[in-house]
Each structure stands twice: as C-alpha cells, then as structure tokens.
Amino acid sequence: MKDAKILYVDLTNRTTKLETLDAETYRKYPGGSALGMYLMLKDMDPTVDPLSPENMLIFSVAPLTGIPISGQSRMTVTTKSPLTGTAGDSQVGGFIPAVFKANGYDAVVFTGKADSPVYLYIDSDQVQLRDASGMWGMITGDAEKWMAEDLQETKLESSIIGPAGENLVKFASIMHMRSRANGRNGVGAVMGSKNLKALVFKKKGGVRPEDQEGMKTLTGNVKERMAANEVIVDTALHGSAGVVDAHGAEGFLPAYNWKQGNFDDYKKTAGSTITREILVERDTCFACAIRCKGVVSVPGKADPEYGGPEYETCATFGSYCGNTDLGDICQANQLCNMYGLDTISCGATIAWAMDCFEQGILSKEQTDGIELKFGNGGAFEALIKKIALREPGIGSLLAEGSAAAAKTLGQEAEDLVVASKGQEWPAHMVQMKPNLAINYSANPFGADHQSSEHDPALMAPEDDQNWLWPNMLASFDRVESYGILDANKAKFALETQKFYSMMDTLCLCQFAWGPAWQLYGPQELVEFCKYGIGWDTSIEELQEIGERRINMMRIFNEKAGFTRADDKLPKKAFIPIHYGEGEVAAITEEDFEAAMDAYYDLAGWDKVTGAPTAETRARLGLDWIG
Amino acid sequence: MKVWLNKKEVELPAEMTVADLIKEKQFKKAAVWINGKQLLSAEYESHGFQEGDQVKILRVVAGG
Ligand code: SF4
C-alpha cells in the first residue's frame, strides 16, 4: 500500500496544504470513514458543535478506488453529524470517487468557515478556492451548470449542496450528478455551515491496477457471474426498488409511519412497476456492470436529469406516508435531489408529521393549512420546499428531523418517532430482520440498513452463497423463521457489521461487494486487494479494519457524551407484524436487551457505558486516543 | 396431491418440483423445508412432493 495524499483546506484563512500519511498507518485506516475518523480523532474535539467552524468535513476515497471493476467507485464524507450529534459518515457512488483518485488524492479535509460562499476546484496539483456567491441559493442542477460556465469547462465531476444544506436543514445531503447522494447524517448542513457550496474535480482517466492479468480473473467473467446470481439479475432489472416487490408481497413494508407491514397497494409503487411504466434507462457508476440506477420520466413531475427513486425513497414517500401515487414519489425524489435533502429522513419525517396530524397532535394551523393526512402525496411538493428553505412554521419544524421536532411537541409526538439517535429508520422492519434491531440501535450514527447483513441469509440453503459467505467471517447457527433475536443474531450483527464497516472504509458499493447475496464476496475482495494494489491481506485483517472503524466511532461518541442509554429502539419496533398468510413476527424488549448484552460482550464494550474497554482499544491499536 | 404448505392444506400438481413452486411464488431466492428437513438449493430442480408432506417455504429477501 502506498502513502495517502491528503489535501487540507482551511476555509477561514483560505489556505491549502498537502500532507502525506505513511503507508504503515494508512494500512490500519485505509480510506473512507476509517481514515476520516482517524483524522477527526487526531485533530478535533468530539464535543464541538457540528455546525460550528470547529467541525471537520472530510471527503475521502480508498486505495482501491478507480481501479476498473464493479462497485469500487464510492466516496465517503465523514464529520460530526448535526442530525445525531455523533460521529457520522455517508457514502456516494457515481463517477466523482474515481475522478477524485485519478486527480491524485486520497482525502480532502475542510476545516473552519469561509466568510462568504466558496467552492473548491481541483485539477491535479492546481487547487483553487473560488467565489460561489453567484450560485448560492441555486438548486443542484443549476449550480452544476453555473460552475461549468464559471470554469469554462464541462469535463467536471462535482459534489454540491442545494438550498437545504445552505439553510442548515439537519438532514441535508450532498449531491453528485443530481441523482447520487451522500444522503445521511446531515453532511450537507455541515457543508453549508462552512459556506462551501461544492467540491469539483476535473475529469481524469481511471487508475491502473497493479496486476492487470490478475484483475481479469475477477472482471473477465462478470456477465456469467451476474447471470448466475438471481438477486443481482433482479437488481440490474429493477434497481433497489425491486425490494418493494419482495417486502410488499411478504407484508414487511413499513406503512403508515411503521404502524404495520402490510401495504395493500404496494404494487403501484414497486420496482417492477417503475421498470414497466416510467423507466427511461438504467445508469451506472464508474466501471460497474450491474447498472442498478433507475432513471425515470413522469411528465410534469419528474425529469430524467434527476434520476429516479431507490427502494428507500419508494418506501419513505410511499408506504410510510400511505401514498400509492408513483408520480408523487418521483416528484418528491426529484425535489430532494434538487434541494439537497436525504430522501429517507425527509420522507420519514413527513410520515411522522402525518401520524401526528392524524392523531390531533399537529393542527392544520401548525401545518400551514396543509391537510397532512396519510395518503396525501400531493402535499410533498409544498412541504419539501418549505423544509429546504426553512420557512417559518411547518418547514422549520420538520427541518430539524422528526426526533428533534417531536421534542418541541411533547411525549405523544415523541412516541410516534421511528428513529435511533435521531436518525430516521430505513425501510427494513426489525420484526422481520431482528439483527437490524441491534444495528439500528447500536450503530454509532443511529439506524442504518447498510451497516450489517440482513437476517434472511441465515435461512439460506447450506450450498447457497448467502449461507456460505457469511460463514467465512464466523460460524453461525441456522435460522428457520423470521423474528428470532438471540445471541446468534448478536454475533451475526457484529461480524457482518465489521465487514460492512470495512467496506465503508475501502469505499465499496454494498450491492457489488458483500458477505451474502452480492456480486463479489469476501475471498474475491482479498484477491482484488492483491491484484488491484499488491496488498497481501486476509479476511481476518479486513474484519479487523472494519472493527477498528466501529470502535473509533464509539470512542468519539463516548467523548461526545453518548452511552448505552442512547442505544435504544423506538416504541414502534415492538409492534407485532402480521405477514404472509396469518403469521406474526415480533421482537420483545427482554429479547432485545439480552441480545444487546451478548453483542456488547462480543464487541468488547462495557455493558453499562457501551464504550470499548481498555483491552479492546489495545487489541485494535487505538490506545493512542486519549 | 395434497400437501401442507406453510401450515395450510393445498393441492399441488403431481409432477411439480420445488423449483416450480418457487417460480410460481415469484421468489428470487427461497429456503425450503420438507417434513422438517431443509433442502439444498441443488435439490430444488429434482425434488418433488409426496402426499401429506409438511412443506415450509420462506422468501430469502436480500438487503438493499
Ligand atoms: S451496483 Fe449500482 S450503486 Fe453499486 S456501483 Fe453498481 S451501479 Fe453503482
């Protein structure tokens, strides 16, 4: 592994400097979120206000980024989250990660705050902080065009905030290609707080692998590999939205703000319907053969320029809100992409507000006259704009996210929130996938569906990769039904969390790479490291890298004041869910607490404080953190 | 032929295989138990059903 090249940008003083991180240290924190956490723990006080100049905003890629193979073009943003108050990160795909690396950098670290709007333009060694006053207030698509004009250059890849980031909406995203988002954790608000509108790179060619012939053993048969994997075939056909079909049919699609899993008209919002009725094309990320990104057209509501809705968006603006109008979902998706909002938190926060309205907790006066009933997808347009612009009234209330907004309304409203550490839940029901109950509550930045593998892998036949691959990480017991939450699931949650954490470090797409259903598995990743960059590694070392990142985040959170008491589930997690043909799935508080005890023990964390013990820190080489 | 499918009595064609059943249910991936024993996926194409079989079939839904 080579040294990492890190560009520091002090926005207050408008200065830049280049530093290198030696290869030996980089191997312990090899990119993405692990590198971001290493830099934050080294240089930043975890108690800072997330929206103050003292917060750091770190864009990073990884040693493997840009080497032509499916699922390697991802970029991570790491910062202290204004939504959760914890360490936070978010990943994006597309083309900017590969171009970032091709420009010769591993990370760009922003500190301080500019006294007027700026954007950073990088063309290899030429780095310019440029005036962004002329595009402040613009939606993402317009800002892209403005920069092309300003730079007199069209060969650009950019990460941009919309008005929501400028207005410090707590779940503002950073947008790339108008349709790819660093969505979660409010990273766009941190960017806005720094008066930073965009990070822009000049396009460059790809990165050459160390061993071209070796790489061909992984890439040469990609078509056959895809055809042999039913889940990947479905992903290529319907994108992530295909999961609406499966969860909807099974009765595990969170509906009416998580009141139930049955959503009768789910087919109207399903991936197969999108493919059949409104899909224009499937787009991709650099060098990815899967091409899962849906581009849709709904005249008057959604333009192909802004992509199309993912599974989570179909659910949050669909079933969560009791809405079956696909056009309204696509319009909401487009507005979130224009204004720079996370579609999960935005849709979930609106669903929570609908629940409050239905229960009489929010009056029509408080919603600015909007009839905020379940099913009213026609309200999305006005609401999203109000949120993004933080208009006084319902806009500025919802701009805080559901958990913070509920605190201003009282206990009844808080009981309706479905979030962990303030992060609204993605659309995977813990009654069906109980290891996510552990993950949603214990994950350092709250609920995340992409931080551990999902439970059904433990039901797969013994000769199926869904069973074989997780068992390369550790050995698990077989499971024969939904709704099981026990020590086996705690082990599954932790071991696959390490793997996903490592993927967020090496910046890999979790549809292309993973420990169960994906295109490439753990052993292929070891081979990719060898052929790609000449790194002789092992599954054990990769697992430890992931574990180190999780522990750095836990230590950061401990210093920011978080304890086990924050690793909680919302009330709605314990609602029994009727699914299939008369079956019921549920988890109990007792099972949850027992599984959490097992999880802390396995992780080497103190069961009372939830913080990594001294032994765990020493084992992972983290005792340098004071 | 009558079998018990996820605790409900149903009629299946005599020549139906496990793979046919999975296809009919439109599952991308499934776990199947017959009389309490889980099948390997390699058995799906050839394995049929017997009168009175207790069949359990669950959809293996991936993340995403
Ligand atoms: S699977 Fe989809 S999201 Fe992942 S790299 Fe490929 S096109 Fe991008």
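Each principal axis of the Cα atoms in region A:83-218 has its own extent, and those three values, largest first, are 50, 38, 26 angstrom. Applying 0.36 nm per residue to the separation of A:Asp463 and A:Asp623 and subtracting their alpha-carbon distance, the gain on full extension is 53.4 nm. Separation of region A:453-527 and region A:224-298, taken as the distance between their Cα centroids, equals 21 angstrom.
Charge dipole of the protein assembly as shown (Cα centre as origin; +1 on each Lys and Arg Cβ, -1 on each Asp and Glu Cβ, all else neutral): 1240 debye, rounded to the nearest 20. At R0 = 35 Å, how high is the FRET efficiency between A:Glu414 and A:Asp115 if r is their beta carbon distance? Nearest 0.05 is fine. So the FRET efficiency works out to roughly 0.35. Calculated mean residue ellipticity, 222 nm, chain A: -11000 deg cm²/dmol, from DSSP H runs (n ≥ 4) at -39500 (n - 2.57) each, averaged per residue and rounded to 500. Each of B:His47, B:Val61, B:Leu5 was scored by the projection of its Cα onto the charge dipole of chain B, and the greatest displacement toward the positive side belongs to B:Val61; charges sit on the C-beta of Lys, Arg, Asp and Glu. Counting only GluC sites (Glu not before Pro) that DSSP places in a loop and that have at most 12 other Cβ atoms within 10 Å, the longest clean stretch of chain B runs over B:16-44.
The residues of region A:237-424 expose on average 32 square angstrom of accessible surface per residue, using a 1.4 Å probe on protein heavy atoms.
From the residues A:Met175, A:Leu64, A:Gly104, which one has its Cα farthest along the dipole of region A:34-188 in the positive direction, the dipole being from +1 and -1 charges on Cβ of Lys/Arg and Asp/Glu about the Cα centre? Farthest towards the positive pole: A:Leu64.
Once you order the gyration tensor axes a ≥ b ≥ c over the Cα atoms, which shape class does region B:2-59 get: rounded for a/c under 1.5, otherwise prolate or oblate by comparing a/b with b/c? Verdict is rounded for region B:2-59. Taking only protein heavy atoms and a 1.4 Å probe, the accessible area of the protein assembly as shown is 48% carbon and sulfur. In region A:1-52, the inverse of the mean reciprocal separation of distinct Cα atoms equals 12.4 Å; this is its Kirkwood hydrodynamic radius. Of all segments of chain A bounded by GluC sites (Glu not before Pro) found in a DSSP loop with no more than 16 other C-beta atoms within 10 Å, the longest spans A:211-364. Of all lysines in the structure, those lying under 17 Å Cα to Cα from B:Lys56, and not within fewer than 8 positions of it along the same chain, are B:Lys2, B:Lys7, B:Lys8, B:Lys23, B:Lys25, B:Lys28, B:Lys29, B:Lys37.
If the chain linking A:Phe574 and A:Val280 were pulled fully straight, counting 0.36 nm for each residue of separation and taking away their Cα-Cα distance, it would gain 101.8 nm. The dipole here belongs to region A:209-314: it is taken about the Cα centre, uses +1 on the Cβ of Lys and Arg and -1 on the Cβ of Asp and Glu, and is about 220 debye. Here each label is just a point 7 Å from Cα along the line to Cβ, and for A:Ser133 and B:Glu15 those points are 8.0 nm apart.
Entry note: region A:237-424 has Rg to Rh equal to 0.97, where both radii use alpha-carbon atoms and Rh is the Kirkwood radius.
Averaged over peptide A:452-465, the number of partner chain Cβ atoms lying within 10 Å of each residue's Cβ comes to 5.
Over all orientations, the protein assembly as shown has a Cα convex hull whose mean projected area works out to 27.6 square nanometres.
Where only DSSP H runs of four or more residues are counted, chain B gives -2500 deg cm²/dmol as its mean residue ellipticity at 222 nm, each run worth -39500 (n - 2.57).
A Förster radius of 25 Å, combined with the Cβ-Cβ distance separating A:Ala487 from B:Lys8, puts the computed FRET efficiency at roughly 0.15.
Leaving ligands and nucleic acids aside, the A/B contact buries around 2300 square angstrom of accessible area in total at a 1.4 Å probe radius.
Residue pairs exceeding 18 angstrom between C-alpha atoms, taken from A:Lys42/A:Lys113; A:Lys5/A:Lys498; A:Lys373/A:Lys433; A:Lys101/A:Lys203; A:Lys433/A:Lys568; A:Lys28/A:Lys491: A:Lys42/A:Lys113; A:Lys5/A:Lys498; A:Lys373/A:Lys433; A:Lys28/A:Lys491. When only the Cβ of Lys, Arg, Asp and Glu is charged (+1, +1, -1, -1), the dipole of region A:435-619 relative to its Cα centre reaches about 800 debye. Among A:Gln523, A:Leu485, A:Thr537, whose Cα sits farthest toward the positive end of the charge dipole of region A:435-619 (+1 at Cβ of Lys/Arg, -1 at Cβ of Asp/Glu, about the Cα centre)? So the residue furthest toward the plus end is A:Thr537. Across the protein chains, with a 1.4 Å probe defining accessible surface, the residues A:Thr219, A:Thr284 rank A:Thr219, A:Thr284 from largest area downward. Excluding A:Gln543 itself, calculate the net charge of residues whose Cβ lies under 12 Å from the Cβ of A:Gln543, where each Lys or Arg counts +1 and each Asp or Glu counts -1. My count for the surroundings of A:Gln543 gives -2. Within region A:310-414, the trypsin sites (Lys or Arg not before Pro) that combine a DSSP coil assignment with at most 13 other C-beta atoms in a 10 angstrom radius are A:Lys364, A:Lys373. Simple spin-label estimate for A:Glu527 and A:Glu365 gives 6.8 nm between the two label positions (7 Å along the Cα-to-Cβ direction from each Cα).
The values are calculated or read from the model by the stated rules, or taken from the named source; none is laboratory data. Here the structure is a predicted model, which is why all the values come from computation and not from measurement. Backbone-built Cβ (ideal geometry, glycine too); neighbour counts: all protein chains shown. Heavy atoms of the whole protein, side chains included, go into the accessibility calculation; ligands, DNA and RNA do not. Shrake-Rupley method; radii C 1.70, N 1.55, O 1.52, S 1.80 Å.
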